[in-house]
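To keep things clear, I will list the structure first and then write my remarks on it.
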């Protein structure tokens, strides 16, 4: 994603031929409105596709938790999206895109400046003719903020209390994400350094992964997950939902990466958006196929959840640079994402880091890989590594502080009894599948 | 939604500079075709998003009924959409947009005039240059008609017979909805009065709610629902599906409200569409958060189905005016929708009106609220109240008459035995989840 | 779908009035870029909608198999899509659209020529101004290739081994589909003959159906399906998923048929796309209603799975010509699709051809019907019949050869014990619903 809000208003002149001196002034006064409409439309379409990813995370996570925790996981997902929508309006958007309003230049933007959209029914089209509508931009960017929070909920499932989790979401979507993202997309110090992260392998996915990792370490694993040096499998309750969630995320990712071109009003831009769509799809396919093949080779049985996570890791991997690679480059980038998932999931278990849905391998580790891989195209390894570390340290440390405060003040983990009985009955008094008896 | 079909053809002239006398006539003869394409595209995109809401209703309702009635609920949902598609072609579209063909001016349009689309491959682009294609308009409007019917099926679930319900859908989608909607969107008496209902809080949602209420009163509650003055909970069988349905509806609503701008070919229009997307999202988020918080405060346990319905009530609330409010105004409007749900659901139960999915609070009561709230922007309280009452009385009375006739002629309720055993085996001989034993 | 890649680059001149001699040359040098953007956008939107059909097939099939085979069915679906994405890049796209690179003119195109997209950030817009971006075209066409493979997986469910099935997918998506589709859409002999198949009733749906039929005959029916001359019902495990899948497919079909207009940059084209959307919807609705009514009449109980397949058969039927018919014509075409399903499903059972999800009636038989029906508009019965037979013979014979080779080399059917226990535990060691005990 290129810089957006810091761009000076672009008056896209109509590509009219020079008409002779006398007519020239008049022609210049008639800007071509179509690029504005096309780019606004790209944000709206991209935005609703990324919105749809919220449903994808909800289904993926509901499918991968045990049935006694499904209602809770669904509640967290719809609540976190709603909170993100409010916090990003109240604080996040203008904090992330401060324009000239940096409090600490390049590091911290304007605080508590709720988003204001254009007035209704702009009378003078030409006068208002900026790059694209602020409303569409806000709508699109908000979805990225919500995605960051969605990543966290999966890792911490089946044991975290609802309200402390939602308070963390308030901080993450209102402050942590907008601040770190402003360093790059808001025109902050990372963008000046030459760091490159097209659609957010690091800014969104790894950031969400770091927040999740901090939470997982402080929260600890589920009861009975690691026993006598062995990892006890706790299979997801509904793999059809998990697969549906993966397909939803895959679909939404066309908007995530394609919309991050941030322009669709020229032949070059719409052609680049097409390239991004094709590359994004290829990386996902490669991640899935690699994970399927690898699990067959390693475990003699192909593993559906690994395959699903392989597709997602392919998507995260290509997100830092979905435009520059060829289709073959995208296949390699995404395929390595698939390798990462297959090896990182058991590695985390060995470290007794309990990540219920595999979000840390998929979003954090594949996100780092994808961001590093950009340097094959830009050559700027230093900037990529600096960005990865800076975002990682900031997000991890601030998240850990928030988790510690929450642990001290409200507690973040349900009681042992509630965890064993399931969060649905204990915290919500409502089962997701009340009529399907447990095997 | 503004008037559509009554608009005179707009020849959008190219915004070319005046080229000097000699060339002026020729320039005027070259209209800009892009607004036509953009607006047609808005209808197509809006239309497929609202189509998707049919799937949302199906999933929401399938998730909120007990498993013994799921196949029936799915059957009703796919059948009602299909019937709406046929009836709106056969009668509804031209009845709703009579143009000059009113039978009773402002109240009753042309009957039995099936929709005809433009001929294939319009040869002379310029000559055909109207506002947008009739095909896209028909496609878009048809989805609103189907939505009205979707609302009814949820309320009456688990006890109504299939065929009488579908006959009601024939009347609702062919006649009741097109007639009442023509009063406003077809250029009828309500639009002349100054009534305002942008995307149909009243014309679609409250209307569906009134039809559902009439049915619920005549049909009576499910066996065992109200016992010794208490309301017996009958929890939905699959909250994952219900949540999926809510996300689908939320996504579709961007098309519902955004498409109702009915134009996307100018900077002002596409900017307004963006504003509508952002406001719609905010209202849904606010409704969800408010319902979550309120159920925590009132019942000490957050309630997922209330939260889902809170989001939907937020969406219905903003539908009457998704353009004028600021984001903060949308938050307030949607948040009040959330409050309505939390209080109206138990209130209906106290009145022994059995609404299986909560469609009456969500679509009827929040729809009235949203329509009233428009007067904060227009100042015209009289027109809003008149519209609410007129649509309410007409839809409720005609629906009640139809339900009474159906009750007398075919009966509308399954036998007591069939209701207890579930409609799936009794009426369809097919279970939705034949292998999942009942707890 | 019209020819695409064989079209010569179209420089769409701006529809400017002639400006007088001196300015004419300059005006001609400024092409209108909007048609390029609109058409590219049509491919991107059409492409993501058809991508979504992959999820639809996954859900439909997961819902219609028994729960012991759900994980396998999900695995096959995500794997087949991923393989199609890779094979279509590696071989398929340029084999299907050989341009001047036919190996055997009109019959066999270029082999092993991986797809290359446009370079990034086309600097000179005007110079690059072709019909639409290759990237968007590749993205769109790839989804059709994947759809062909999705059709096969449903028929052969519950008994075929994973890896042989996936090897078949490699051959189908890399070679069989691209070769037969090149005969028409690549400018091959069928297109020269006057055969007409707008969006692929024969090229995609019947072709997938023929491949499935060959597999079903060679694989044989599931154990216990046909016993003592009776057909034993093996009901699907989750009709909510099956219904969701149908709605997804219905939604995706707007992209499938609408995108096949292959142009959206003129009033005529976008109006035609609208007409296609409306007709496609009508055919699906008619197929569903007819199947619902017919099952009521024939069996006294309406049948949900027949209704779902009726909608799908309506969609397949209209796919060969979604533009020419009126809405009434579409209703008839789709309605006959519904009739086909209701009669063909039991007919196949009588022939002991075990088609788990009904893909052969829906995609093969309705596909033939839809392709034949085109002759009512073109008058060219000979070309339609020739195309149907040629594609049928080629696809069926080559598929059968591949299946026989796989049967001889690796075996294609799981062991009797594995089939009875379910493929999920036997081949994958993972249940889709591990906690829902079997009734």
Problem - Test: residue B:353 is assigned to a loop (DSSP other than H, G, I, E, B) and more than 10 Å from chain A (Cβ to nearest Cβ) - result: yes
Exercise for the section: List the number of the failed condition for residue C:299; all other conditions in (1) touching a residue at least 24 places away in the same chain (Cβ under 8 Å); (2) out of contact with any helix residue (DSSP H, G or I) (no Cβ under 7 Å at 6 or more places or on another chain) hold. Expected result: (1)
Completion exercise
Looking across the stretch B:408-426 at residues that are in contact with a helix residue (DSSP H, G or I) (Cβ under 6 Å, 6 or more places away or on another chain) and part of a helix (DSSP H, G or I), the single one that is modelled with the lowest pLDDT is B:426
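Quick grid of which residues meet (1) crowded, with 17+ Cβ neighbours inside 10 Å; (2) within 14 Å of chain C (Cβ to nearest Cβ):
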residue	(1), (2)
B:396	yes, no
B:401	no, no
B:418	no, yes
B:423	yes, yes
Practice task
Name the single residue, out of those in the stretch A:320-350 being closer than 30 Å to residue A:220 by Cβ and buried (at least 24 other Cβ atoms within 10 Å of the Cβ), that is farthest from the other protein chains (Cβ to nearest Cβ).
Solution key: A:340
Problem - Checklist (1) within 12 Å of chain B (Cβ to nearest Cβ); (2) touching a helix residue (DSSP H, G or I) at 6+ places or on another chain (Cβ under 8 Å); (3) surrounded by fewer than 18 Cβ atoms within 10 Å (Cβ to Cβ) applied to residue A:119, failing item - result: (2)
Exercise for the section: Among the residues of the stretch C:427-439, write down those that are within 14 Å of chain B (Cβ to nearest Cβ), in contact with a helix residue (DSSP H, G or I) (Cβ under 6 Å, 6 or more places away or on another chain) and touching a residue at least 60 places away in the same chain (Cβ under 8 Å). Expected result: C:431, C:432, C:433
Fill in the blank from the handout: In the set A:193, A:213, the lone residue that is within 19 Å of residue A:152 (Cα to Cα), in contact with a helix residue (DSSP H, G or I) (Cβ under 6 Å, 6 or more places away or on another chain) and away from chain C (no Cβ under 14 Å) is A:213
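Hey, which of the helices (runs of 4 or more DSSP H) in the stretch B:169-288, taking only ones fully inside, have at least 1 residues that are in contact (Cβ under 8 Å) with a residue 60 or more places away in the chain and under 15 Å from the mean Cα position of the chain (by Cα)?
Details: elements: B:177-182, B:189-193, B:207-219, B:239-259.
It comes to B:177-182, B:207-219, B:239-259.
Can you name every residue in the stretch A:6-53 that is modelled with pLDDT of 50 or more, farther than 17 Å from residue A:257 by Cβ and not in a loop (DSSP other than H, G, I, E, B)? Quick ask: steps written out before the conclusion?
Residues of the stretch A:6-53 that are modelled with pLDDT of 50 or more, as a first pass: A:29-53.
Among the residues that remain, those that are also farther than 17 Å from residue A:257 by Cβ are: A:29-38, A:40.
A:31, A:34, A:35, A:36, A:37, A:38, A:40, listed by residue number.
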Exercise for the section: Select from the stretch C:358-381 the residues that are over 17 Å from the mean Cα position of the chain (by Cα) and in a loop (DSSP other than H, G, I, E, B) and list them in ascending order. Expected result: C:374, C:379, C:380
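Look at residue B:220 and say whether it is more than 7 Å from chain A (Cβ to nearest Cβ) and in contact with a strand residue (DSSP E or B) (Cβ under 8 Å, 6 or more places away or on another chain).
Numbers: more than 7 Å from chain A (Cβ to nearest Cβ): yes; in contact with a strand residue (DSSP E or B) (Cβ under 8 Å, 6 or more places away or on another chain): yes.
For residue B:220, the condition - more than 7 Å from chain A (Cβ to nearest Cβ) and in contact with a strand residue (DSSP E or B) (Cβ under 8 Å, 6 or more places away or on another chain) - is met.
Go through C:307, C:266 for me and flag whichever is at pLDDT below 95 and at the interface with chain B (Cβ under 7 Å from one of its Cβ atoms). Don't jump to the end; show me each part of the working.
On the way: C:307 fails: at pLDDT below 95.
Within the list C:307, C:266, the selection yields C:266.
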Exercise for the section: Read through the list (1) facing chain B (nearest Cβ under 7 Å); (2) touching a helix residue (DSSP H, G or I) at 6+ places or on another chain (Cβ under 7 Å), then give the number of the only condition that residue C:245 fails. Expected result: (1)
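The values are calculated or read from the model by the stated rules, or taken from the named source; none is laboratory data. Everything numeric here is computed off the predicted structure, so don't read it as measured data. Reconstructed Cβ throughout: ideal geometry from the backbone, glycine too, with neighbour counts over all protein chains shown.
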